[in-house]
Amino acid sequence: MTATAPNPVSYASPAAAGGAPFVTTPVAYDAVLLASFGGPEGQDDVIPFLRNVTRGRGIPDERLEEVAHHYRHFGGVSPINAQNRVLKVALEAALAERGIDLPVYWGNRNWGPYLEEAVTEASANGHNTLLAFSTSAYSSFSSCRQYREDYARTLEETGLADTVTIDKIRPFYDHPGFVAAFESGVREAIEGFLAQGIAAADIQILFSTHSIPTADAERSGARDIDWGEGGAYAAQHLAVAEWTMSRVRESLPDAAAVSWELVYQSRSGPPTQPWLEPDVCDVIAELPGRGRKAVAVVPVGFMSDHMEVLWDLDTEALEAAEEADLAFVRTPTPGVSAAFVAGIVDLIEERLQGRPNEERAHVTSLPGGFDVCRPGCCENVRAGFKPAAAGVAP
């Protein structure tokens with residue numbers, strides 16, 4: 001008897017288990033798994049939550065307390081859980097409007113409700129073929145592979161690895177529904193500054209995203225694609241920023257004189273570890289020397305107004321702009337806008353229908369929006385490869 005070769009993709013539906021980068025076979029999913037980071041919902045939750053976030057790194061509570069003050073400033077409550085509750089309701093309504101009968105289960109990586117609770121509940125209800133939508137749009141370890149590792153860990157720890165399958169939607173950084181908020185936000189910011197009498201050449205647009213270790217950035221995305229410096233993570237953000245400015249300039253001729261660049265925020269690693277730069281606040285401090293009088297910060301790396309937006313942009317970046325005597329605007333995130341929620345349903349429909357890649361909506365020309373992640377993508381060099389769902393091993 002000839003032995004059957006194992007499937008290249010573990011924990012996957014039969015359509016995705018073969019390892020093809022794009023799944024063009026319709027899949028009758030039972031439910032959607034809304035997967036997110038999670039956040040504390042009271043002062044007593046803050047340190048336990050941060051212990052979860054930094055598990056395995058041996059960081060003492062005294063150092064965690066240095067980060068905790070961001071949350072304590074807002075009563076110990078991260079807005080992310082409340083935002084996901086609203087998103088879940090909006091997504092369920094949008095699915096129903098299109099006649100798609102799929103329940104939505106919500107689980108977090110670092111705080112309740114946990115992924116384990118969501119997957120266990122789904123299985124108990126007979127929903128075992130799951131399609132995951134994580135609240136991170138770009139390719140990197142922390143925004144993609146770490147979620148996939150948590151899906152695998154969840155299935156193993158709940159004893160559901162032989163019963164439940166979890167596929168994922170493709171990276172959605174350049175889906176029209178996601179980027180719409182950035183385009184309208186930049187246009188409105190420029191129009192507002194112009195109405196104040198600020199010349200277009202005196203306006204700076206800063207597209208801001210979460211900084212990550214440069215080693216992780218370099219390993220982000222499929223290994224067989226030359227992404228350039230900063231890997232897929234930087235390339236994807238730059239492509240969205242370039243598209244946004246191009247669209248704004250088409251409809252607002254004065255915007256041709258407005259300068260822009262990609263910046264980073266929310267660095268959390270030790271000073272000896274290289275992370276992506278420049279920092280948003282450092283750049284803001286330099287702008288008067290460039291002759292700028294106004295700055296609009298665009299949270300291009302973020303889906304909603306969670307803590308990194310409220311603290312790092314609405315608090316610290318605003319303070320930096322005030323110190324530099326600059327007019328300041330922070331533009332909106334996609335949140336639960338109608339365009340974004342409809343875009344999520346589009347992404348779900350792609351997999352329900354097995355839509356070919358060339359027929360899928362996108363605004364950039366970058367490759368690599370894979371349904372099934374490629375071998376070795378988004379490696380964490382500090383922890384190595386762990387079992388992960390929705391991708392070809394390792």
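The values are calculated or read from the model by the stated rules, or taken from the named source; none is laboratory data. For clarity, every value in this text was computed on a predicted model and none was experimentally measured. Because the Cβ atoms are built from the backbone with ideal geometry, glycine has one as well, and the counts that use them run over all protein chains shown.
The rows are residues; the columns are (1) crowded, with 20+ Cβ neighbours inside 10 Å; (2) on the phi > 0 side of the Ramachandran plot; (3) assigned by TED's automatic domain parsing to the domain that holds His127; (4) charged (D, E, K, R).
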site: Phe74; (1), (2), (3), (4): no, no, yes, no
site: Ser78; (1), (2), (3), (4): yes, no, yes, no
site: Arg85; (1), (2), (3), (4): no, no, yes, yes
site: Glu92; (1), (2), (3), (4): no, no, yes, yes
site: Leu95; (1), (2), (3), (4): yes, no, yes, no
site: Pro103; (1), (2), (3), (4): no, no, yes, no
site: Asn110; (1), (2), (3), (4): yes, no, yes, no
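What about Val309, is it touching a strand residue (DSSP E or B) at 6+ places or on another chain (Cβ under 6 Å) and not acidic (Asp, Glu)?
Against the criterion (touching a strand residue (DSSP E or B) at 6+ places or on another chain (Cβ under 6 Å) and not acidic (Asp, Glu)), Val309 does not qualify.
Cβ-Cβ distances below 7 Å connect the following pairs, each with a first residue in the range 202-214 that is over 18 Å from Gly192 (Cα atoms), a second residue that is part of a helix (DSSP H, G or I), and a separation of six or more residues or different chains: Ser208/Val280; Ser208/Leu313; Thr209/His237; His210/Glu308; Ile212/Ser142; Ile212/Tyr233.
Counting only residues that are hydroxyl-bearing (Ser, Thr, Tyr) and in contact with a Gly (Cβ under 6 Å, 6 or more places away or on another chain), the range 186-245 holds 2 of them.
From the list Asp162, Asp224, the lone residue that is assigned to a loop (DSSP other than H, G, I, E, B) and assigned by TED's automatic domain parsing to the domain that holds Arg351 is Asp162. Quick check, is Ser78 touching a strand residue (DSSP E or B) at 6+ places or on another chain (Cβ under 6 Å) and among the small types (Gly, Ala, Ser)? No: the conditions fail for Ser78.
Does any residue of the range 344-366 turn out to be outside the structural domain of Arg223 (by TED's automatic domain parsing) and closer than 22 Å to Thr214 by Cβ? The answer is yes; a qualifying residue exists. Looking across the range 204-215, just one residue is assigned to a helix (DSSP H, G or I) and in contact with a strand residue (DSSP E or B) (Cβ under 9 Å, 6 or more places away or on another chain), and that is Thr214. Restricting Pro356, Pro288 to those that are out of contact with any Phe, Trp or Tyr (no Cβ under 9 Å at 6 or more places or on another chain) and touching a residue at least 24 places away in the same chain (Cβ under 8 Å) reduces the list to Pro288. Confirm whether Glu121 is without any contact (Cβ under 8 Å) to a residue 24 or more places away in the chain and under 11 Å from Leu33 (Cβ atoms). Against the criterion (without any contact (Cβ under 8 Å) to a residue 24 or more places away in the chain and under 11 Å from Leu33 (Cβ atoms)), Glu121 qualifies. Residues that are assigned to a strand (DSSP E or B) and either touching a Cys at 6+ places or on another chain (Cβ under 7 Å) or over 28 Å from Asn110 (Cβ atoms) (or both) are absent from the range 134-151.
Residues that are buried (at least 17 other Cβ atoms within 10 Å of the Cβ) and under 15 Å from Arg330 (Cα atoms): does the range 214-233 have at least one? No; the residues of the range 214-233 include none that is buried (at least 17 other Cβ atoms within 10 Å of the Cβ) and under 15 Å from Arg330 (Cα atoms). If you go through the range 193-203 one residue at a time, do you hit one that is in a loop (DSSP other than H, G, I, E, B), of a type in the set (Val, Ile, Thr) and touching a His at 6+ places or on another chain (Cβ under 9 Å)? No, the range 193-203 contains no residue that is in a loop (DSSP other than H, G, I, E, B), of a type in the set (Val, Ile, Thr) and touching a His at 6+ places or on another chain (Cβ under 9 Å). Only residues that are more than 14 Å from the chain's Cα centre (by Cα), buried (at least 20 other Cβ atoms within 10 Å of the Cβ) and closer than 21 Å to Ala17 by Cβ: list them for the range 161-183, please. Matches in the range 161-183: Val164, Thr165, Ile166, Asp167. The criterion of being assigned to a helix (DSSP H, G or I) and surrounded by fewer than 21 Cβ atoms within 10 Å (Cβ to Cβ) does not hold for Arg55.
Determine if the range 31-48 includes at least one residue that is over 26 Å from Glu121 (Cβ atoms) and surrounded by 19 or more Cβ atoms within 10 Å (Cβ to Cβ).
Taking every residue of the range 31-48 in turn, at least one turns out to be over 26 Å from Glu121 (Cβ atoms) and surrounded by 19 or more Cβ atoms within 10 Å (Cβ to Cβ).
The numbered conditions (1) touching a residue at least 40 places away in the same chain (Cβ under 8 Å); (2) surrounded by fewer than 20 Cβ atoms within 10 Å (Cβ to Cβ); (3) not small (Gly, Ala, Ser) are all true for Phe141 except (2). Looking at Arg63, is it of a type in the set (Lys, Arg) and over 18 Å from Ser266 (Cβ atoms)? Judged against the criteria, Arg63 is not a match.
Of Ala118, Ala94, Ala122, all but one fail to be touching a helix residue (DSSP H, G or I) at 6+ places or on another chain (Cβ under 7 Å) and part of a helix (DSSP H, G or I); the exception is Ala94.
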